[in-house]
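Down below is the structure, laid out as structure tokens.
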There are 4 protein chains.
Amino acid sequence: MTDDIARKLKAAAAELFTQQGFTATRVADIVANAGVAQGTFYLHFENKPSLFVALIDEFFAGLIEETLARHPAKRLQTGEQLAAEVEEIWAAIIRYGRKHALLTTLVLREAHALPPEQRDHVNRHFEQGADALAQYLEEVQQLGLVKNLPVRLIAWLLVGMIERAMHYAVFVAPNAPSVSLAGHCTEFELRGLLNCGAAVSGCPS
Amino acid sequence: MTDDIARKLKAAAAELFTQQGFTATRVADIVANAGVAQGTFYLHFENKPSLFVALIDEFFAGLIEETLARHPAKRLQTGEQLAAEVEEIWAAIIRYGRKHALLTTLVLREAHALPPEQRDHVNRHFEQGADALAQYLEEVQQLGLVKNLPVRLIAWLLVGMIERAMHYAVFVAPNAPSVSLAGHCTEFELRGLLNCGAAVSGCPS
Amino acid sequence: MTDDIARKLKAAAAELFTQQGFTATRVADIVANAGVAQGTFYLHFENKPSLFVALIDEFFAGLIEETLARHPAKRLQTGEQLAAEVEEIWAAIIRYGRKHALLTTLVLREAHALPPEQRDHVNRHFEQGADALAQYLEEVQQLGLVKNLPVRLIAWLLVGMIERAMHYAVFVAPNAPSVSLAGHCTEFELRGLLNCGAAVSGCPS
Amino acid sequence: MTDDIARKLKAAAAELFTQQGFTATRVADIVANAGVAQGTFYLHFENKPSLFVALIDEFFAGLIEETLARHPAKRLQTGEQLAAEVEEIWAAIIRYGRKHALLTTLVLREAHALPPEQRDHVNRHFEQGADALAQYLEEVQQLGLVKNLPVRLIAWLLVGMIERAMHYAVFVAPNAPSVSLAGHCTEFELRGLLNCGAAVSGCPS
DNA sequence: GATGAATGAGGGTTCATTCAT
DNA sequence: CATGAATGAACCCTCATTCAT
């Protein structure tokens, strides 16, 4: 019952935050949308930002669980295997973003509307994501599968790519097949943009 | 004289928005910091969001000018030349972000705190950036220098990489030499992460 | 409970509007005078003008109810009966104005201080009053009791007389007996100023 | 030159006050409409209300001059003469209101939007008007031309009639011939509404 | 636990007025 | 005299949060 109300509040809030933005959404709107009384809100959440944070936490927990957590670097032996893994991760990311489009929108577009304290909380999620990616990169580096580029920098670049890949998959081209998107992302991430046929000296035969 | 006040207001606002966030910064703070009266603010800016937008516009105008505008795709003939150009662009981006650290912070961290109207304005900058990148990619594709990946997707991935590269250069590793960062970004962007020594079938001799 | 607060707010506002005028009265004054919090005001009224309008509406509803509504023209047969009715109406008007001196003051003196929208609303009351009077005049004209003067013009002249009669009864001569005032108004309205003894050709034998 | 500016300011203000109301008209609007600088306003008028008062004073001076001042009670001897005079006064009033429609509108509709001090000033005009009418009535009473009704009360009733007659002539029926309106007003004022044919005991043969 | 009326601090914006040029 | 940029006091209204029922 109690959990039910919290869930209704979160669903209502996710919808409204997405439509009107965090700042423009009033607690009164949320409770109206959820069909409970104004005061009830504060029995379930400390305040408005903390409801937002709960949504964000949910998003990140789910995302990590369905991506990196399911695809440990350890078992990989060849570049081919890595490529397969990476492609699956990209596909999982894109599917996750589309499945939780509201939450994705919130994370990508509303996180900065929060007051400093909660904003830091959200940023910590991104940092943890970058850390996890950095660690993953280090492992595959030690396996000799990827180049010796500085992992923290690359991790942050990947974070940016992931953000915008989700943005693209959800807002720009919501109908593009996720496998196809995942394939392109993987190709770009692992082998870069340069045409192998071009006269370059980087990837010699 | 008049322009001087506008400049003082923008400088004061950039500082305060960066420190406390857009929402938490009151117009009263800005004018106090700039040393003018409250009413004077509204002689120079329509309202608080529009001052923010002025800062953002400034940022993007400068960024485009110092990067893509100076490095047209047309003249390129070889992958080596492209790589050199791309590296210079990355370096310019990183230098720009560091030179205008306050504005960069605002764009990366505060843009979504705006009311809907102004937020749309900011988003249009990102879209225009993506468009410009997509066009650039198309041109180098037609020159046969880069692979036939879908340009709009890649453009958005690059936008994400740029955002996080600036983030990294300004916040995470403010002392890392920009040339070095630019080199790594270029390597990643053009040739990908995969170790050429690894057993892969993607870049055959 | 809720109605009680609205009543307190209206009473406080009527007093302050009367003393200091609509514009000079701040919402803060009203709530202080009513003993509630600033925000409470907006639970009961949309804004300051709409509280004023509520007072005005109350005034007109009561005035109509105690005057024209109680004295239909239909039953009248002789000029004597009409005169008696008219005198009772004048007496009712004067008593009403004195009984609700604050509201009367507001209607007579503050109505034009409102913003356009609400001012129109008030003006509509006057127009409805004129309409009602015009209809009354038409009925008694058809009964042959009054002259064939253009009813809408006369109705507006009567509106002016009523306004100033209330003004006189409330501000100029608050102690004059209302029956006496009503008698004079009736005499003036029905038989005019001209001395019958004077040599005139208007009311021939 | 100086007077010219004052005149332009008054004309501009009369127009704007009429259209948007006193409160909603900003000094900035007036000077823009008059084609002078903001500061120039204060070389010619103490402040916004005092410009309004100047317009009102002008209105009343002209009105008195063209009505009562030209029609002294002294020379009258018969009711017929009085009726003729009264009708001319009514006609003059109506013509004046129509000729100075903007000023009339201001006096009838905006006077109460003023701050207390200036509002009192305007009210004094009405009181002086009532006084003048009362004196006129006394004189014609002493000449035996009009009934012995209390002059101050009647004076105020006449003020109300005049206000609403102007209102009618300017707003309700701007095309009705003024002589005709003046005739009806005179008939009503001097001989009342009652049909002489009706069975009444007030005006016996 | 649930309610929702009451709270009251907070801040963006307006605009009459001034005064250095 | 004229200018118009600068001033800053004033005020309405919002809305997150509380608490008596």
task = Collect the residues in the stretch B:1-60 that are within 24 Å of the chain's Cα centre (by Cα) and among the hydroxyl-bearing types (S, T, Y), keeping them in residue-number order.
result = B:T18, B:T23, B:T25, B:S50
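Among the listed residues A:E66, A:E80, A:E87, identify the single one that is within 13 Å of chain B (Cβ to nearest Cβ), of a type outside the set (A, V, I, L, M) and either within 16 Å of DNA strand E (Cβ to nearest atom) or touching a helix residue (DSSP H, G or I) at 6+ places or on another chain (Cβ under 6 Å) (or both).
A:E87
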remark   = Of the residues in the stretch C:41-63, those that are within 14 Å of C:D4 (Cα to Cα) and near DNA strand F (Cβ under 8 Å from one of its atoms) come to C:F41, C:L43
key: Unmet requirement for B:E163, which otherwise passes all of (1) under 15 Å from A:G192 (Cβ atoms); (2) in contact (Cβ under 8 Å) with a residue 24 or more places away in the chain; (3) out of contact with any strand residue (DSSP E or B) (no Cβ under 6 Å at 6 or more places or on another chain); (4) facing chain A (nearest Cβ under 7 Å)   = (1)
note = By residue number, the members of the stretch B:117-134 that are in contact (Cβ under 8 Å) with a residue 12 or more places away in the chain, charged (D, E, K, R) and in contact with a Lys or Arg (Cβ under 9 Å, 6 or more places away or on another chain) are B:D131
query = Quick one: how many residues across the stretch A:61-96 are polar (S, T, N, Q), more than 15 Å from the chain's Cα centre (by Cα) and within 20 Å of A:Y168 (Cβ to Cβ)?
reply = 0
note = When restricted to B:R98, B:R119, the only residue of a type in the set (D, E, K, R) and closer than 21 Å to A:L108 by Cα is B:R119
ask   = Out of all the residues in the stretch C:40-63, is one or more out of contact with any Pro (no Cβ under 9 Å at 6 or more places or on another chain), within 12 Å of DNA strand E (Cβ to nearest atom) and within 14 Å of another protein chain (Cβ to nearest Cβ)?
value = yes
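For C:P72, indicate whether it is more than 16 Å from C:I5 (Cβ to Cβ) and in contact with a Leu (Cβ under 9 Å, 6 or more places away or on another chain).
no
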ask   = Any residue in the stretch D:101-116 that is free of Cβ contacts under 8 Å to residues at least 24 places away in the same chain, within 16 Å of DNA strand F (Cβ to nearest atom) and under 21 Å from C:P115 (Cα atoms)?
value = yes
ask   = Quick one: is B:L133 surrounded by 22 or more Cβ atoms within 10 Å (Cβ to Cβ) and modelled with pLDDT of 95 or more?
value = no
Residues that are small (G, A, S) and under 18 Å from D:L181 (Cβ atoms), drawn from the stretch C:104-157 = C:A130, C:A134, C:A155
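Just to verify a result, which residue in the stretch A:142-157, among those that are facing another protein chain (nearest Cβ under 8 Å) and under 16 Å from the mean Cα position of the chain (by Cα), is surrounded by the most Cβ atoms within 10 Å (Cβ to Cβ)?
Going through the qualifying residues, I end up with A:L157.
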request  = Give the stretch C:166-184 a look and list any residue that's more than 7 Å from chain D (Cβ to nearest Cβ) and closer than 19 Å to C:E85 by Cα, or say none.
outcome  = C:M166, C:P177, C:S178, C:V179, C:S180, C:A182, C:G183
ask   = Looking at A:A37, A:A24, which is the one that is within 13 Å of DNA strand E (Cβ to nearest atom) and outside the structural domain of A:L114 (by TED's automatic domain parsing)?
value = A:A37
In the stretch D:117-128, the residues that are away from chain C (no Cβ under 11 Å) and within 14 Å of the chain's Cα centre (by Cα) = D:R124, D:H125, D:Q128
remark   = By residue number, the members of the stretch A:1-34 that are more than 10 Å from DNA strand F (Cβ to nearest atom), buried (at least 16 other Cβ atoms within 10 Å of the Cβ) and within 14 Å of chain B (Cβ to nearest Cβ) are A:L16, A:F17, A:T18, A:G21
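Would you say D:R124 is at pLDDT 90 or above, within 23 Å of D:K10 (Cβ to Cβ) and touching a Ser or Thr at 6+ places or on another chain (Cβ under 6 Å)?
Answer is no for this residue.
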request  = Kindly indicate whether any position in the stretch D:98-116 is over 13 Å from the mean Cα position of the chain (by Cα), within 7 Å of chain C (Cβ to nearest Cβ), more than 22 Å from D:G21 (Cβ to Cβ) and of a type in the set (A, V, I, L, M).
outcome  = no
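Is one or more of the residues making up the stretch C:180-193 free of Cβ contacts under 8 Å to residues at least 40 places away in the same chain and under 19 Å from C:A73 (Cα atoms)?
yes
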inquiry  = Cβ-Cβ under 9 Å, sequence separation 6+ or interchain: first residue in the stretch C:10-37 and farther than 22 Å from C:H100 by Cα and among the aromatic types (F, W, Y), partner modelled with pLDDT under 95 and more than 11 Å from DNA strand F (Cβ to nearest atom). Which pairs?
reply    = none
ask   = Looking at B:I56, B:I30, which one is farther than 30 Å from B:L145 by Cα, touching a helix residue (DSSP H, G or I) at 6+ places or on another chain (Cβ under 6 Å) and assigned by TED's automatic domain parsing to the domain that holds B:L145?
value = B:I56
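The values are calculated or read from the model by the stated rules, or taken from the named source; none is laboratory data. Remember, predicted model here, so these are calculated numbers, not experimental data. Methodologically, a virtual Cβ is constructed for each residue, glycine included, from the backbone with ideal geometry; neighbour enumeration extends over all protein chains shown.
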